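Accompanying notes for the structure given below.
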Ligand code: FES
């Protein structure tokens, strides 16, 4: 069940160009949250909350880590917060990755840009369940890269950059075959990337997180509607997702 509450800021740091990592403390939210869900965060001076995906969950210490890009005054205000301050949050929101029902031995994670953080929380959860993890992570350039070493500690990790300043020069889809054998895949990033990943991995069971397409995050604005193979013909990313079975949504 999601909750409207104050979370206490524990740490705030820039982990890559214009990319902020914030650790928030709240015993209930850290216990209830699942990888792939998001927090609906209220930035100072704004009335509209913004959805920010969960990058890591530490149930023992009661903390949740989120990562966000500084893109406007709301995220700038959030980035300026100091340890000990409180952030008003609704969460955990949405439907996350279904890890516990995954009878997989090895999972392939494919992420692009700010779609990488939810995959990190997933990688940690898969590792806890004894499932092998391989990751292919794409960023604009070396300056935008974060969590490379964290992913490498969990499993084999391939890096890709648009400008070739780190790892493969090109797209994550150029090197999908490098991953070898896997049982399930999970992908999060821009829609064109998700489309290409699904196309190339057709035949493999997979899950896509469409978190980049969210607006209000509460089911009210309809900005996030995606066509789907359901009775109604559509799904709302913020309340039905952001994670969907790869065959369920029409991209
Ligand atoms: Fe507004 Fe989903 S983001 S309805």
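What follows draws every value from the coordinates through simple rules; no lab data is involved. Computed from a predicted structure; not experimentally measured. Counting neighbours? That spans all protein chains shown, and the Cβs are built from the backbone with ideal geometry, glycine included.
Which translational diffusion coefficient, to the nearest whole µm²/s, is obtained for region 76-175 from the Stokes-Einstein equation, given a Kirkwood hydrodynamic radius over C-alpha pairs, 37 °C and 0.692 mPa s?
It comes out at roughly 216 µm²/s.
Relative to the longest principal axis of the C-alpha atoms of the chain, give the angle of the C-alpha long axis of helix 116-128, reported between 0 and 90° and rounded to the nearest 10°.
Computed tilt is about 80 degrees.
Dividing the Cα convex hull volume of the chain by residue count, how many Å³ per residue is that? Numbers along the way, then the final one.
On the way: hull volume 30.2 nm³, N = 251.
Per-residue hull volume (Cα only) is 120 Å³.
Write down the Å³ per residue value for the convex hull defined by the alpha carbon atoms of region 170-251.
Numbers: hull volume 7.0 nm³, N = 82.
Hull volume over Cα atoms, normalised by residue count, gives 85 Å³.
Between residue 183 and residue 195, what is the label-point separation in nm under the 7 Å Cα-to-beta-carbon projection?
Going from the residue 195 label point to the residue 183 one covers 3.2 nm.
Obtain the nm distance between the two label points defined at residue 76 and residue 28 by a simple spin-label model: each point lies 7 Å from its Cα along the Cα-to-C-beta direction.
3.4
Using 0.36 nm times the number of residues separating residue 248 and residue 85, minus their current alpha carbon distance, what extension gain do you get?
Working: separation 163, 0.36 × 163 = 58.68 nm, distance 4.06 nm.
Taking residue 248 through residue 85 to full extension adds about 54.6 nm, to one decimal.
What's the angle, to the nearest 10 degrees (0 to 90), between helix 191-200's Cα axis and the longest principal axis of the chain?
Tilt relative to the chain: about 30 degrees.
Percent of Cα-Cα pairs per 5 Å bin, from 0 to the last occupied bin, for region 108-233, please list those.
Bins of 5 Å from zero give 2, 11, 20, 23, 19, 12, 8, 4, 1, 0 percent of pairs.
What distance in nm separates the two pseudo spin-label positions at residue 222 and residue 2, each 7 Å out from Cα along the beta-carbon direction?
Calculated label separation equals 2.0 nm.
With r as the distance between the Cβ atoms of residue 232 and residue 141 and R0 = 45 Å, compute the FRET efficiency 1/(1 + (r/R0)^6) and round to 0.05.
Numbers: r = 41 Å, r/R0 = 0.91.
Efficiency at R0 = 45 Å is approximately 0.65.
At q = 0.20 Å⁻¹, what log₁₀ I(q)/I(0) does a Debye calculation on the Cα points of region 1-116 give, no solvent, two decimals?
-1.12
Give me the extension gain from residue 204 to residue 152: residue separation times 0.36 nm, minus the current Cα-Cα distance, reported in nm with one decimal. Kindly include the intermediate steps, with their values, before the conclusion.
Values: separation 52, 0.36 × 52 = 18.72 nm, distance 2.37 nm.
My answer for the length gained is 16.3 nm.
Give me 176, 210 ranked fewest to most by other Cβ atoms within 10 Å of their Cβ, as a rough exposure proxy.
Details: 176 17, 210 25.
The order, fewest Cβ neighbours first, is 176, 210.
Between region 1-62 and region 148-192, what is the C-alpha centre distance in whole Å?
25
State whether region 1-66 is rounded, prolate or oblate according to the following rule on the C-alpha gyration tensor (a ≥ b ≥ c being the square roots of its eigenvalues): a/c under 1.5 gives rounded; otherwise a/b larger than b/c gives prolate, and the remaining case gives oblate.
Working: a/c = 1.59, a/b = 1.14, b/c = 1.40.
It comes out oblate by the Cα gyration axes.
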